[in-house]
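K.L.:
What follows is a structure written as structure tokens; I'll ask about it next.
The values are calculated or read from the model by the stated rules, or taken from the named source; none is laboratory data. Bear in mind that the values here come from a model prediction, so they are computed numbers and not experimental data. Here Cβ is always computed from backbone atoms with ideal geometry, including for glycine, and neighbour counts include all displayed protein chains. Side chains included, ligands, DNA and RNA excluded: accessible areas come from the protein's heavy atoms. Shrake-Rupley method; radii C 1.70, N 1.55, O 1.52, S 1.80 Å.
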Amino acid sequence: LLDYTQREAAWLITQVTDTTKQAVRDALAAGLEAGEGIDGLVKRIRESDAAFGRARAELIARTETTRVTNGGQQETHAAWAEAEGVRVTKTWLAVLDSRTRDEHAALSGTTVEIDATFPNGFKAPGEPNCRCTLIYSVED
């Protein structure tokens, strides 16, 4: 997860310097390694060299935590499936409430191969404020 965070976090953050992106990656990695929740990550981002306000820092913390958790798990499962020679599938699981994007609600329950993209073009959930996750199955 921490390796994935350093490599992939801050991908959605645009209009900032590479230094700012790295400050966000470092803040997220340190907070995740310390086992912090969103509030702790927000504090770290705000105290970093990134200089984001509270609302932006919270959006980044929520979004990037979802992205790196889902992306890291997907990547790990794909590597394990290849190493073991097994077939693994992933299923999109949405939180089905009034805050869920219609597109994500429609994807809930959709199953694809581990390395495939979902109909929305993503390999794993990770849009801003997304709360979706993936469920994995090992096929016999």
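K.L.:
Amide H neighbours of Val88 under 5 Å, counting only residues 5+ apart in sequence or on other chains, H built in-plane at 1.01 Å?
P.N.:
For Val88, the qualifying residues are Ile114, Glu139.
K.L.:
Just want to confirm a number: the relative contact order over segment 83-140, from Cα pairs under 8 angstrom separated by 6+ residues, in percent. Display every interim value, and only then the final one.
P.N.:
Details: 87 pairs, mean separation 27.7, N = 58.
Taking the mean separation of contacting Cα pairs over the length of segment 83-140, I get 48 percent.
K.L.:
Please sort by residue number the GluC sites (Glu not before Pro) in segment 37-140 whose DSSP state is loop and whose Cβ has at most 13 other Cβ atoms within 10 Å.
P.N.:
Loop-located and lightly packed - none at all.
K.L.:
Another one. Between Arg54 and Thr110, what is the spin-label point distance in nm, taking each point 7 Å from the Cα along the Cα→C-beta axis?
P.N.:
3.7 nm
K.L.:
Still on this structure: Of Arg56, Arg67, which has the most accessible area with a 1.4 Å probe, and how do the rest follow in descending order?
P.N.:
Working: Arg56 95, Arg67 30 Å².
Per-residue accessible area, sorted high to low, gives Arg56, Arg67.
K.L.:
So, one more: State the label only: which of (1) 1.00; (2) 0.97; (3) 1.16 corresponds to Rg/Rh (Cα atoms, Kirkwood Rh) computed from the shown model?
P.N.:
(1)
K.L.:
Compute the acute angle (0 to 90°) between the alpha-carbon long axis of helix 38-47 and the principal axis of greatest extent of the alpha-carbon atoms of the chain; round to the nearest 10°.
P.N.:
Helix 38-47 sits at roughly 40 degrees to that axis.
K.L.:
Ok, one more. Could you give each residue of segment 68-83 its phi-based ³J(HN,Hα) in whole Hz, using Karplus coefficients 6.51, -1.76, 1.60 with θ = phi - 60°, and x for Gly or Pro?
P.N.:
After applying 6.51 cos²θ - 1.76 cosθ + 1.60, I find 6, 5, 5, x, x, 5, 4, 5, 5, 5, 5, 5, 5, 4, 5, 5 Hz.
K.L.:
Starting from the Cα gyration tensor of segment 27-99, take the square roots of the eigenvalues, sort them a ≥ b ≥ c, and report rounded, prolate or oblate (rounded when a/c is under 1.5, otherwise prolate if a/b is larger than b/c, else oblate).
P.N.:
oblate
K.L.:
With an 8 Å cut-off on Cα pairs and a minimum separation of 6 or more residues, tell me the relative contact order of the chain in percent.
P.N.:
Contact order relative to length: 23 percent.
K.L.:
How much of the accessible area of the chain, in percent, comes from carbon and sulfur atoms when a 1.4 Å probe is used?
P.N.:
In the chain, the share of accessible area belonging to carbon and sulfur is 48 percent.
K.L.:
Just to confirm, what accessible area per residue do you get for the chain at 1.4 Å probe, in whole Å²?
P.N.:
Working: 7750 Å² over 140 residues.
Accessible area per residue, the chain: 55 Å².
K.L.:
Just check segment 57-128 against the gyration tensor rule for me: Cα atoms, a ≥ b ≥ c as the square roots of the eigenvalues, rounded for a/c under 1.5, and otherwise prolate or oblate depending on whether a/b exceeds b/c.
P.N.:
oblate
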